[in-house]
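No value in this document is a laboratory result; all are computed from the given coordinates. Since the model is a prediction, treat every value here as computed from it, not as a measurement. In this analysis, Cβ positions are derived from the backbone assuming ideal geometry, glycine residues included, and neighbour counts consider all displayed protein chains.
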Amino acid sequence: MGEDPLGAARRELKEESGLSCSTLSLCGNVIVNTGLNPGIAIYIFKGDYEGGEIRPSVEGSLEWVELELLHQYPVVEDLRIILPMIAVRNPGAEPFYAKYFYDEEDRMQIDFTV
């Protein structure tokens with residue numbers, strides 16, 4: 001039967017980082033056009049740190065980074081756009097919706113609906 005996006009977010013947060021949040025609120029939904037069917041759907045949640053110790057996962061090592069210092073780190077290209085949007089969102093605000101696709105020169109393009 002599967003799990004809903006909120007339940008999956010809570011589980012993934014705990015499994016992949018060792019952290020837990022008291023609340024999670026949906027900030028946005030991203031559809032990635034991969035050129036295949038189906039594409040990829042990403043649900044973006046924001047929460048308040050409740051507890052746990054950061055631990056590495058098979059996907060890499062984690063660390064807390066100040067948003068202002070993000071430009072110093074090698075991150076996927078959309079994070080520099082998405083994270084500042086998430087940082088200022090209030091719980092309960094209408095989520096944003098976005099579609100990612102790549103243009104003819106293989107550059108990521110992002111269309112937002114707020």
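General remarks:
- Amide N of region 74-114 lying under 15 Å from the label point, which is placed 7 angstrom from the Cα of N33 along Cα→Cβ: 98-113
- A Gaussian network model of the chain, with springs between Cα atoms under 10 Å, assigns the largest mean-square fluctuation among E63, E104, E16 to E104.
- Choice from E94, E66, E77 showing the highest fluctuation, given a GNM over the chain with Cα pairs closer than 10 Å: E66
- Per-bin percent of Cα-Cα distances, the chain [5 Å]: 2, 9, 17, 20, 24, 17, 8, 2, 0
- Theoretical gain in end-to-end length, W64 to R11 [0.36 nm per residue, Cα-Cα removed]: 17.1 nm
- Relative contact order (%) - criterion: Cα under 8 Å, at least six apart; region: region 1-75: 29 percent
- Within the listed set V65, V32, V76, the residue fluctuating most in the Gaussian network model of the chain (springs between alpha-carbon atoms under 10 angstrom) is V76.
- Degrees, to the nearest 10: 5-17 long Cα axis against longest axis of the chain: 70 degrees
- Electrostatic dipole magnitude of region 5-113 [Cβ: Lys, Arg +1; Asp, Glu -1; Cα centre; debye, to 20]: 400 debye
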